[in-house]
Structures are given as structure tokens and as C-alpha cells.
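S.K.: Okay, handing you the structure first.
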Amino acid sequence: MEARPMRVLVTGGSGLLGKAIEHVVGLEGGKLEGEQWIFLSSKDANLTDAGQTRAVFEKYRPTHVIHLAAKVGGLYLHMRENLHFLRDNLKINDNVLQTAHEMGVTKVVSCLSSCIFPDKTTYPINETMIHDGPPHDSNFGYSHAKRMIDVQNRAYFQQYGHHYTAVIPTNVFGPCDNFNTENGHVLSALINKTYTAQKEGTPLTVCGSGAPRRQFVYSLDLGRLIIWALREYEEISPIILSVGEDDEVSITEAVDMIAEALNFEGQINYDTNMSDGQMKKTASNAKLRSYRPDFTFTPLKEAIKMTCDWFITNYDIART
């Protein structure tokens, strides 16, 4: 695989994970001699359009692709627009994988999501259970589109021998996330809401009961693991990238960590009229640990503090 220096195209390069990978490549020695890393944003190409996808691949001629680009949003946006999430993500994924095939790309690592797993299941979830039942109703459009990447990867391998695989992170957060309180992911939206409540001296209102439990993963840790997967993970079947089951916390516990990081001492209210989404999505990282028993995840409290510090420093940009 390493006969010639890699030329890596990262779709979704301006998003949370793309920026994390760029940080690891540029500042942590993640880039090897002779390699080129290209980070695409939506300004470079509309990947729902096959022609634009082809043009950007022809421009950069990648040997390897990390596919992060997706139409994404928070729980309530997904609940309102399941069809849009389904159609746009199906187009993006098919265009990227088919163009990679046509252009002779050596390896593709795509990013899935833990929401793809069945709603009714046993825990902990592992990589063999993706297609065992329907996903949660709240984001079924996005979930089914992401599941199809796994189907396509297996089909490209069966028919052409291509080495296309996928990683499945649990709940990601970190610098450069979408902190919008309406459509951001849970932790980042809560950081924004808590900071605003702190500044304005108002109570903090959290959507839902606070009871759901999640495995939160710091984006820079995932950046390091995705680069490892590109270089060394040889299976076609996906791999869950997550902290362990014992590191799962409730939303209430996460809110308390955010409040401490931001020195928020005001009242915290939980709006139980709002949906909780899935109550738990506990995932096993046993497969990851079989490959990387040595990998150390950033402790959640420390990662939340670093993310809050980044948000404050970049407040005017991050909050919109």
C-alpha cells in the first residue's frame, strides 16, 4: 500500500473531524515524508452532484480518501427532515465511492455513526449488529444512508476487490464543531447554551430529561485513530472507534461537567416535554482494543474543558 507516497483527499475537511485530522497531520507528525493531504470543504465541490465530485477528484488525483462529508444535524433537525438527510447522504456517498472506483483510488475510509445501529437491540452494540433491525425513528433517513456505505464497501470488494472500509465513532465533540443551539450535536449545543446562560445570568434549560447515556469521544482522539485506520486497518468490515462502555455518561453528568468548565453556577432545568431520542447506544470497543490496546483517550472532563476554552476564544464564529 505504501509503494508511493499517499495523496490523501479528505471530504468534509472543514468540519469537526476534518479539522481534527488536519491538526494531527499538521501539528502532531501525522503526515509522512512525501505525502500530500488535501482537505475539501463544500466550497470546493457539491458532492451531491456527480459531475462536481468527478471534477474535484480529477483535480487532485488522490490515491487515498477519507470520506467525512455528510449532511448532518442535531436530533430535532433530523426528526423534521428525515427525507432530506436520506436523499442527500445517499447521493454524497454514492458519488464519492463510485468516483473513487473510477479513478483507481487505493483505499477509502468512510465515517459512519453509532446511530445506524438497531433501535431495539442488546447491549453493548458491536460491528456485526448494524443490519439486525431498523434504526431509531428520530433519524432513520440519515441512519439508512450511512448503513448503505457498509453495503457498498462489501459490494465493491466482492466485485472489484477494492479496499473500502468504514469507521463508526460514537458521539464526537471538540473544537470546530457546530455549536448552534438549534441543529448542533448535543454536547456542543449545550456548551453554547451554558455559556449564553452564564453571560446573561439566566437559568440553563436542557432539552429532555438528562437521563440518556452516551459515549462521548474527543475529536482529536478520533483524528488520530482515523489516520491509523487509513494506514493500518485492513478489514472491509467497519470498526467502532469509541471509549469503553465504562466511560459512558448521562446527559446530566455531561451538563455538570460543562457547567464546571464554564463556571456556571445558575439554575439548570430539564424540559421533559422535549424528546430524549435514544436512551442509550452503548457500543463495544473490543475490536479497537484488539488492534490498539495501547491507545489512550483524552479523559472526558479534560476534553470538555479544552472544548469550552476553544469555544470562548472563538465565540463570535462558533456560536452561529
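The values are calculated or read from the model by the stated rules, or taken from the named source; none is laboratory data. All figures in this text were calculated on a predicted structure; none of them were measured in a lab. Heads up, the Cβs are rebuilt from the backbone with ideal geometry, glycines too, and the neighbour counts pull from every protein chain shown. Only protein heavy atoms, including side chains, enter the accessible area calculation; ligands, DNA and RNA are left aside. Shrake-Rupley method; radii C 1.70, N 1.55, O 1.52, S 1.80 Å.
S.K.: Regarding PHE264, is this residue surrounded by 14 or more Cβ atoms within 10 Å (Cβ to Cβ), touching a strand residue (DSSP E or B) at 6+ places or on another chain (Cβ under 8 Å) and under 29 Å from GLU235 (Cβ atoms)? Even if it seems obvious, please write down each step before you answer.
M.R.: Working: surrounded by 14 or more Cβ atoms within 10 Å (Cβ to Cβ): yes; touching a strand residue (DSSP E or B) at 6+ places or on another chain (Cβ under 8 Å): yes; under 29 Å from GLU235 (Cβ atoms): no.
For PHE264, the condition - surrounded by 14 or more Cβ atoms within 10 Å (Cβ to Cβ), touching a strand residue (DSSP E or B) at 6+ places or on another chain (Cβ under 8 Å) and under 29 Å from GLU235 (Cβ atoms) - is not met.
S.K.: Please determine, by comparing only the residues of the range 167-184 that are in a loop (DSSP other than H, G, I, E, B) and open to solvent by less than 40 Å² (accessible area, probe 1.4 Å), which one is nearest to LYS287 (Cα to Cα). Break it down into steps so the answer makes sense when it comes.
M.R.: Keep residues of the range 167-184 that are in a loop (DSSP other than H, G, I, E, B), which gives 170, 174-184.
So of that shortlist, the ones also open to solvent by less than 40 Å² (accessible area, probe 1.4 Å) come out as 170, 174-175, 177, 179-180, 184.
Details: THR170: 14, GLY174: 24, PRO175: 27, ASP177: 27, PHE179: 31, ASN180: 34, GLY184: 29 Å.
So the residue we want is THR170.
S.K.: Still on this model: Could you tell me whether ASP150 is among the charged types (D, E, K, R), modelled with pLDDT under 95 and in contact with a His (Cβ under 9 Å, 6 or more places away or on another chain)? Steps first, please.
M.R.: Details: among the charged types (D, E, K, R): yes; modelled with pLDDT under 95: no; in contact with a His (Cβ under 9 Å, 6 or more places away or on another chain): yes.
In short, no.
S.K.: Name the residue that is most open to solvent (accessible area, probe 1.4 Å), counting only residues in the range 185-217 that are among the small types (Gly, Ala, Ser) and assigned to a loop (DSSP other than H, G, I, E, B).
M.R.: Filtering the range 185-217 down to residues among the small types (Gly, Ala, Ser) leaves 188-189, 197, 201, 208-211.
Within this subset, residues satisfying the condition of being assigned to a loop (DSSP other than H, G, I, E, B) are 201, 208-211.
Working: GLY201: 69, GLY208: 0, SER209: 45, GLY210: 3, ALA211: 53 Å².
Out of the qualifying residues, it is GLY201.
S.K.: Only one of (1) farther than 18 Å from ASN285 by Cβ; (2) among the hydrophobic types (A, V, I, L, M, F, W, C); (3) surrounded by 22 or more Cβ atoms within 10 Å (Cβ to Cβ) fails for PHE117. Which number is that?
M.R.: Going through the list (1) farther than 18 Å from ASN285 by Cβ; (2) among the hydrophobic types (A, V, I, L, M, F, W, C); (3) surrounded by 22 or more Cβ atoms within 10 Å (Cβ to Cβ), PHE117 breaks only (1).
S.K.: Could you grab the pairs with beta carbons closer than 8 Å, sequence gap of 6+ or different chains, first residue in the range 127-140 and in contact (Cβ under 8 Å) with a residue 60 or more places away in the chain, second one open to solvent by 80 Å² or more (accessible area, probe 1.4 Å)?
M.R.: SER138/MET79; ASN139/MET79
S.K.: Separate question: Looking for whichever is in a helix (DSSP H, G or I), out of contact with any Ser or Thr (no Cβ under 9 Å at 6 or more places or on another chain) and not hydrophobic (A, V, I, L, M, F, W, C) here; the options are ASP221, ASP246. Which one fits? Please lay out each step first, then the result.
M.R.: Values: ASP221 fails: out of contact with any Ser or Thr (no Cβ under 9 Å at 6 or more places or on another chain).
It is ASP246.
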